[in-house]
Amino acid sequence: MSDATGLIAPFGGTTAGPRAAVQIDAGELEDFQRTARLLLGHPLVTPTWPNPRALTTVRRWEVPLRNEFSRVLGFRLDVGRSSARLYRRAATTSVHRGPFTRTLRPLGHVACSFLCLVLAALEELGDQTTASRLADAVLRLRSGDDALPVDLTVYTQRRAFVDAVTWLEDRGVLGLRDGGADQWLDHDAEGDALYDVDRDCVSRLLVSSPSVLRGVGEAADFLVEPTAPGTEDRPQALRHRLARRLVEGPVMSYIDLGPEELAYVRERRTRLVRDLEQLTGCHVESRAEGMSLVDAQIEPITESKHRFPGGGTLTQAALLWGAALVDLAATGEEVAAEMVRDPEVRPAVAAERWVGDAAGEQAWEDIVEEYRSRFSSDYRESPDKLRREVRELLGRFGLLGVEDDRLRVHAALARYRPDTEAEIGVAARQNTLTSQLFGDDHS
């Protein structure tokens, strides 16, 4: 027990020490920020996931992390005997977020359904189980629910079930003792997988009660945060929503914000930036069109396989085409805001501009003609495949949209032009609104 507080130290941790980021010694602040980034990128931490040292580090900074995540983002950190979880609430929905398999395939809605069913089944299967017993329990759980058809004799559904099980295995929720889920997948007569179950981890992954889920009809319903009537737009709620937008997506465009959010960010942007930079150690870049949390180079929030820009032909082609599209967009028509605007709030600068598909296609052809010899062999033979994947890559990061015969080019794509490095420089680091990324309008 701590003599200073009278609180029982949780699971071998301590209640002594700093309780907020501002109280952390300058020499240790970087370690605290690395741990915060780790939790933002890996909200479930176990003795083996994402690395063997992670849980120990989370325990060390448990108190200030819990306080800062609650204050800055409205997130809850729960640290237990063998796991820690950061309970997050998203600010927006996106088709590009979600769990991935070992081979970087999106887990998909069927596998995500199996993931929930497997977690529910684990509550009743004890400390050890097998893949076949899990499959039987899943079938029992969804029996009679025609809204969720399950047929594990179909290979695609068996594959989705195995994807869900191996996702839990990778994170240490299930500890493989013998065999393997792939043997069960292949209908091997002798094939099965024996697992130890970490019940502490299971309890932190399956948390939504039926009363919570009863009001959920679509993904956007999960964004709704219960609040007392009349408090939806209080400063704390607004600050949390804006901070969440910055940590969960590449760019927060002012034109996508509601009137209250836009007014808040204009009046109190300094505090928002200071809190996020102090928590994460990342730089918040501000522009006339919006803001972006620029990920750290060392131990970033996002793993390298999900970052932009990266290496390889795909990324380099995306950068080349992106620079050409930005030049075309500089004189293009602004994409009008979809939200209804408050006449008393000064409208935001448009974050996107239109580029005709024909002009974008010609820019792509010019790049292929000049750089094709430098593409990797598979893309040299199929530049159309490269173009499709470049569009998907830029779309995944919100930098490019396709609508009918036009392209929507986001201003943030301009920061990756070869000549913008110096422009970003000192002014951006001072957290002042710099020039628009489209052109030189300082308004």
- Item | Surrounding net charge for residue 299, when Lys and Arg each add one and Asp and Glu each subtract one, Cβ distance under 9 Å | +2
- Stretched fully, the stretch from residue 225 through residue 382 gains (0.36 nm per residue minus C-alpha distance, one decimal, in nm) 51.8 nm
- Task: Would you mind computing, in nm to one decimal, how far apart the modelled labels at residue 95 and residue 124 are, each placed 7 Å from Cα along Cα→Cβ?
- Result: 3.7 nm
- Message: Not counting ligands, DNA or RNA, and with a 1.4 Å probe, what is residue 256's accessible surface area in Å² rounded to the nearest 10?
- Response: 70 Å²
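What does the net charge come to around residue 60 if you take all other residues with beta carbon closer than 11 Å to its beta carbon, with K and R at +1 and D and E at -1? Provide the component values of the computation, followed by the final result.
Working: positive: 53, 59; negative: 28, 31, 62.
Net local charge, residue 60 excluded: -1.
So what is the orientation-averaged projected area of segment 274-337, using the convex hull of its C-alpha atoms, in nm²?
6.2 nm²
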- Query: Computed FRET efficiency, Cβ-Cβ of residue 81 and residue 361, R0 56 Å: what is it to the nearest 0.05?
  - Reply: 0.45
- segment 139-200 accessible area per residue, 1.4 Å probe, protein heavy atoms, integer Å², reads 53 Å²
- Task: Could I have the simple spin-label model distance between residue 330 and residue 29, label points 7 Å from Cα toward Cβ, reported in nm to one decimal?
- Result: 3.8 nm
- Query: Got a sec? What order do 37, 245, 199, 81 fall in by accessible area at 1.4 Å, biggest, i.e. largest, first?
  - Reply: 81, 199, 245, 37
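How much net charge surrounds residue 354 when only the other residues with a Cβ under 13 Å from the Cβ of residue 354 are counted, with Lys and Arg +1 and Asp and Glu -1?
Numbers: positive: 353, 406, 408; negative: 333, 334, 352, 357, 403, 404, 405.
Charge balance near residue 354 sits at -4.
Given 0.36 nm per residue, what is the gain on full extension from residue 306 to residue 186 after removing their alpha carbon distance, in nm?
Details: separation 120, 0.36 × 120 = 43.20 nm, distance 3.03 nm.
Contour length minus the Cα-Cα distance gives 40.2 nm.
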- Item | Protection-proxy order for peptides 370-383, 397-410, each taking the mean of Cβ atoms within 10 Å per residue, highest first | 397-410, 370-383
- Taking a probe of 1.4 angstrom, what is the accessible area of residue 141 in Å², to the nearest 10? 80 Å²
- Message: Need the full-extension length gain, residue 234 to residue 139, defined as separation in residues times 0.36 nm minus the C-alpha distance. One decimal, nm.
- Response: 29.6 nm
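The values are calculated or read from the model by the stated rules, or taken from the named source; none is laboratory data. The shown structure was predicted, so the numbers you read here are calculated from the model rather than taken from an experiment. A quick note on method: Cβ atoms are made from the backbone with ideal geometry, for glycine too, and the neighbour counts reach across all protein chains shown. These accessible areas exclude ligands, DNA and RNA; they are computed on the full protein's heavy atoms, side chains included. Shrake-Rupley method; radii C 1.70, N 1.55, O 1.52, S 1.80 Å.
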